[in-house]
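> Have a look at this one before I ask anything.
The values are calculated or read from the model by the stated rules, or taken from the named source; none is laboratory data. Values in this document were obtained by computation on a predicted structure and should not be read as measured data. Reconstructed Cβ throughout: ideal geometry from the backbone, glycine too, with neighbour counts over all protein chains shown. All accessible areas refer to the heavy atoms of the entire protein, side chains included, with ligands and DNA or RNA removed. Shrake-Rupley method; radii C 1.70, N 1.55, O 1.52, S 1.80 Å.
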Amino acid sequence: MRKTDYHIHPNYSVDAAPVTIDAYCAKAVDLELEEVCFTTHLEIDPDRRESDNFVMVNGKKHSSFDWTWLDHYFAELREAQQAFKNTLSVKAGVEVGFFPGQERALERILTNYPFDFVLGAIHCVNHMNISSKQESTHFFQNSSLTTIRRDYFNTLRAAIETGLFDSIAHVDLYLRYGLVHFGPAVLTVHRGVIEPIFAEMARRGMGLEINTSSCRRGLKDFHPTRELIGLAADAGIRVFTVGSDAHALHELGDNIDAALALLAEFNLTNHIFTQRQAFPYIYSSF
Ligand SMILES: [Zn+2]
Ligand SMILES: [Zn+2]
């Protein structure tokens, strides 16, 4: 099976283990991955400037608002592409945590650097990080499921309508902590609201990610659930990627075989990206 991992956080992400791009590539070869895409975090919500809008460069904290870190990131990616050119394809990606109001700043960054793949993510709803246990608990305790539903999906729709993203990461991330907090009601909260959003993604030729990190956090399904994958396919989305969301070396390639099997079950095709163009990953370059 031709394996890829399209969601990897090297040591540039403040919440990731100090593992270099080079070390991930070596491990990817061991795991018989054929192509990897690094997707370091880019978060530039000015309201969170003091809390989490940082990246790490050579082990030091660096503001995400100062782009020079991207020069280091791309230089390191180029070195890895050279070093592994006979065994592994290495792509330059980014995971953008979207919040409305940052479109112009994001556009400047994304057009000034030669990314292969731009993954959009909704990590924050009303400036609260739903992927953090602490913040989501506080947020969920002070909001109704109806409000969260409205605000999450409005943010998702706004992200899609910016046209800035190639694909959407973990589209039901609210389940990570929401399932424990709200119970099974949260599993169906997308019904009636996600269908037109998926239709718009399909119209734009956007991709959707199968993210396996959910299994490391005790969820039964990947992000998104089987029901959501079915709805995405029904809406006409054809571009899918698979990603472990590795923040540590041992998480690389995690459950990728199962994610690829799931795509096959739905008759969907794993994709790769080059210079922001999607290609079905049918033929291996190795
Ligand atoms: Zn994410
Ligand atoms: Zn991630």
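> Can you pull the percent of the chain's accessible area that's carbon plus sulfur, 1.4 Å probe, other chains left in place?
50 percent
> Count charges around L106 for me, please; just the other residues with Cβ under 11 Å from its Cβ, Lys/Arg as +1, Asp/Glu as -1.
Taking every other residue near L106 into account, the sum is -2.
> Turning to a different aspect of this structure: Taking the alpha-carbon centroid of each part, what is the distance from the range 114-159 to the range 201-279 in angstrom?
Here the answer is 19 Å between Cα centres.
> Something else now. Would you mind giving the three semi-axes, in whole Å and largest first, of the ellipsoid equivalent to the range 110-259 according to its Cα gyration tensor?
In descending order, the three semi-axes are 22, 19, 16 Å.
> So, one more: Given the options V125, V29, V94, which has the most mean-square fluctuation in a GNM of the chain, springs set between C-alpha atoms less than 10 angstrom apart?
V29
> Ok, one more. Give the cross-link partners of K3 among the lysines, using a straight C-alpha distance below 29 Å as the criterion and excluding same-chain residues fewer than 8 apart.
Partners found: K27, K85, K91, K220.
> While we're on this one: Per residue of the range 212-217, in order, report the coupling 6.51 cos²θ - 1.76 cosθ + 1.60 (Karplus, θ = phi - 60°) as ³J(HN,Hα) in whole Hz, putting x for Gly and Pro.
8, 5, 4, 5, 6, 10
> Roughly what % of Cα-Cα distances in the chain sit above 36 Å, to the whole percent?
9 percent
> For the chain, report the accessible area per residue in Å² (1.4 Å probe, heavy atoms, rounded to an integer).
Using a 1.4 Å probe on heavy atoms only, each residue of the chain averages 43 Å².
> Suppose a student asked you for the relative contact order of the range 3-280, using Cα pairs under 8 Å spaced at least 6 residues apart; what percent would you report?
21 percent
> Quick one: among Y12, Y113, Y177, which has the greatest mean-square fluctuation in a GNM of the chain with alpha-carbon springs under 10 angstrom?
Between Y12, Y113, Y177, it is Y113 that shows the largest mean-square fluctuation.
> Work through the residues other than Y281 whose Cβ is under 15 Å from its Cβ and net out their charges, Lys, Arg +1 and Asp, Glu -1.
It works out to a net charge of -4.
> Taking the chain as a Gaussian network, where each spring joins two C-alpha atoms under 10 Å apart, which residue of A158, A16, A105 fluctuates the most?
A105
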